[in-house]
Amino acid sequence: MSSSPVQTIYVLSSSNGIADHVRRKLKNLDLDIEVKDIPEKEIHALKDDEVEFAVGQIRQLVAILSRETNKIKWIQCTSAGVDHMFKNIDHIKPQKDFIMTRTASLDRGQMMGEYCIGHIIARERGFQIWTEAQRRADYDRKAAPSFRMLRDLTVGFLGVGSLGGEIARMCRAVGMSVWAGVTDRRFESGALPSQEFDHVIPMSRLDDLLGQCDYVVATLPSTPETRGLLSGDVLQACKAKQTVLINLGRGDLIDDLSLIKAISNGWLGGAILDVLDQEPLPPDNSLWSLPNVTITPHISCQAKNSLDIVAENYVDNVLRYIRGEPLQNYVDFNKGY
């Protein structure tokens with residue numbers, strides 16, 4: 001391939017192996033681009049004007065962007081969420097035409113979809129009951145709970161981008177009824193999500209969505225509009241159906257005290273939390289011991305081939321950049337994601 005506008009890519013990440021995956025994919029495309037793997041502890045040694053193109057974890061990218069004389073043209077974050085960038089917006093020094101992208105491929109949507117559907121099935125079928133019974137060598141079939149089939153369930157979505165859309169597609173494929181909540185501005189404009197949703201309502205009617213759904217899946221980014229969206233007494237609307245909250249987006253969608261209150265008061269039937277308002281969650285936090293709460297440490301997208309997916313997503317954007325095409329998963333600094 002002819003001379004590329006991208007000569008050197010810096011990989012700024014504490015995840016070992018990303019650089020090797022990127023290097024291999026570039027070589028397979030006959031792209032003569034140098035890939036430099038910079039461990040986190042060595043980032044400080046980089047010259048301010050050395051890096052133009054980088055891929056890495058958000059904290060490392062913020063660190064390099066905070067330098068007064070940085071020359072960065074384009075960076076891609078290895079995660080879908082970029083809220084740490086906006087929390088440090090006053091400290092970064094982007095160039096005039098600076099571009100930022102993030103990693104939000106359909107593969108990640110599928111990983112999250114499998115996480116959701118797996119947990120829904122486990123909860124509906126009472127798998128935990130049988131795990132505990134096996135430990136006791138107890139073969140009592142009378143303990144079997146009556147369960148709902150997937151086709152009997154209604155799932156609501158807060159967050160209907162590429163990730164939420166793919167999860168919704170998967171839920172609908174196994175027979176669930178799927179609802180979506182969108183901003184009033186989007187609802188009124190008619191720019192509604194794809195055919196993956198059976199019902200779409202504006203967020204001004206959030207109570208209606210919460211009151212209709214057996215499960216609510218949140219994949220929202222952290223923005224001023226979404227932080228604390230479900231805090232306070234909002235989840236009281238879930239009481240009639242004992243809705244279960246599945247949060248895969250950002251933990252600050254609801255504060256811990258509000259979540260504990262919603263579960264303790266019987267508004268929620270439970271919660272499946274891959275993200276939390278505090279990460280890591282302190283050992284003395286009441287969420288650990290609340291009934292019907294499942295906590296996982298932000299791992300819904302950690303598949304065996306996750307690094308390869310991150311590299312594939314990035315190299316696809318490298319090709320787009322070289323060709324002068326629009327990049328995928330562009331971060332809009334006006335929207336905050």
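Dipole of the chain, Cα-centred, from +1 at each Lys and Arg C-beta and -1 at each Asp and Glu C-beta, to the nearest 20 debye?
520
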Let's see if you can work this out: charge +1 on each Lys and Arg Cβ, -1 on each Asp and Glu Cβ, no other charges. What is the dipole magnitude of the range 1-95 about its Cα centre, in debye to the nearest 20?
160
Centroid-to-centroid separation of the range 105-150 and the range 151-212 [C-alpha atoms, Å]:
24
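Note down the relative contact order for the chain as a percent, whole number, built from C-alpha pairs under 8 angstrom at least six residues apart.
Numbers: 600 pairs, mean separation 50.8, N = 337.
Across the chain, relative contact order equals 15 percent.
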Take the Cα of Ser66, step 7 Å along the line toward its Cβ, and report every residue of the range 94-130 whose backbone nitrogen sits under 18 Å from that point.
94-95
Kindly state, to the nearest 0.05, the FRET efficiency for Lys47 paired with Leu319, given R0 = 25 Å and r defined as their beta-carbon distance.
0.35
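Take the alpha carbon gyration tensor of the range 235-311, find the square roots of its eigenvalues, order them as a ≥ b ≥ c, and report rounded if a/c is under 1.5; if not, report prolate when a/b exceeds b/c, else oblate.
Prolate shape, in that a/c is at least 1.5 and a/b is the bigger ratio.
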Whole angstrom only: what separates the Cα centroid of the range 31-54 from the Cα centroid of the range 315-337?
20
Carbon and sulfur atoms: what percent of the 1.4 Å accessible area of the chain do they account for?
48
Loop only per DSSP, at most 16 neighbouring Cβ atoms within 10 Å: give me the trypsin sites (Lys or Arg not before Pro) in the range 129-180, ordered by residue number.
Arg136, Arg148
Full-extension gain between Tyr330 and Ile121, please, as 0.36 nm times their residue separation minus the C-alpha to C-alpha distance.
71.8 nm
Quick check on the range 191-258: take the gyration tensor over C-alpha atoms, sort the square-rooted eigenvalues as a ≥ b ≥ c, and tell me if it's rounded (a/c under 1.5), prolate or oblate.
oblate
If I take every Cα pair under 8 Å that is 6 or more residues apart in the range 242-337, average their sequence separation and divide by the length, what percent do I get for the relative contact order?
24
From a point 7 Å beyond the Cα of Ser286 in the direction of its Cβ, which residues of the range 221-256 have a backbone N at a distance under 15 Å?
232-233, 255-256
Using only the Cα atoms of the chain, what are the Rg and Dmax in Å?
21.9, 71
Here the Cα Rg-to-2.2 N^0.38 Å ratio for the range 13-107 is 1.08
Starting at the first residue of the range 37-50, write each ³J(HN,Hα) from the Karplus equation 6.51 cos²θ - 1.76 cosθ + 1.60 with θ = phi - 60°, in whole Hz, x for Gly and Pro.
8, 10, x, 3, 6, 9, 4, 4, 7, 5, 6, 4, 9, 7
I'd like to check one number: the per residue accessible area of the chain, probe 1.4 Å, reported in Å² as a whole number.
51
When the Karplus curve 6.51 cos²θ - 1.76 cosθ + 1.60 is applied with θ = phi - 60°, which whole-Hz ³J(HN,Hα) does each residue of the range 302-315 get, with x for Gly and Pro?
9, 7, 4, 9, 4, 5, 5, 5, 4, 5, 4, 4, 5, 5
Please say if the range 265-304 is rounded, prolate or oblate, where rounded means a/c under 1.5 for a ≥ b ≥ c the square roots of the C-alpha gyration tensor eigenvalues, and otherwise the choice is prolate for a/b larger than b/c and oblate otherwise?
oblate
With label points built 7 Å along Cα→Cβ from the Cα atoms of Glu40 and Thr223, find their separation and express it in nm.
2.9
For Ala191 and Leu150, extending 7 Å from Cα along the Cα-Cβ vector and measuring point to point gives, in nm, a value of 3.2
Those trypsin sites (Lys or Arg not before Pro) from the range 287-335 that are DSSP loop and have at most 11 other Cβ neighbours within 10 Å turn out to be Lys304, Lys335
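The values are calculated or read from the model by the stated rules, or taken from the named source; none is laboratory data. Bear in mind that the values here come from a model prediction, so they are computed numbers and not experimental data. No Cβ is skipped: glycine too gets one built from the backbone with ideal geometry, and neighbour counts run over all protein chains shown. These area figures cover heavy atoms from the full protein model, side chains too; ligands, DNA and RNA do not enter into them. Shrake-Rupley method; radii C 1.70, N 1.55, O 1.52, S 1.80 Å.
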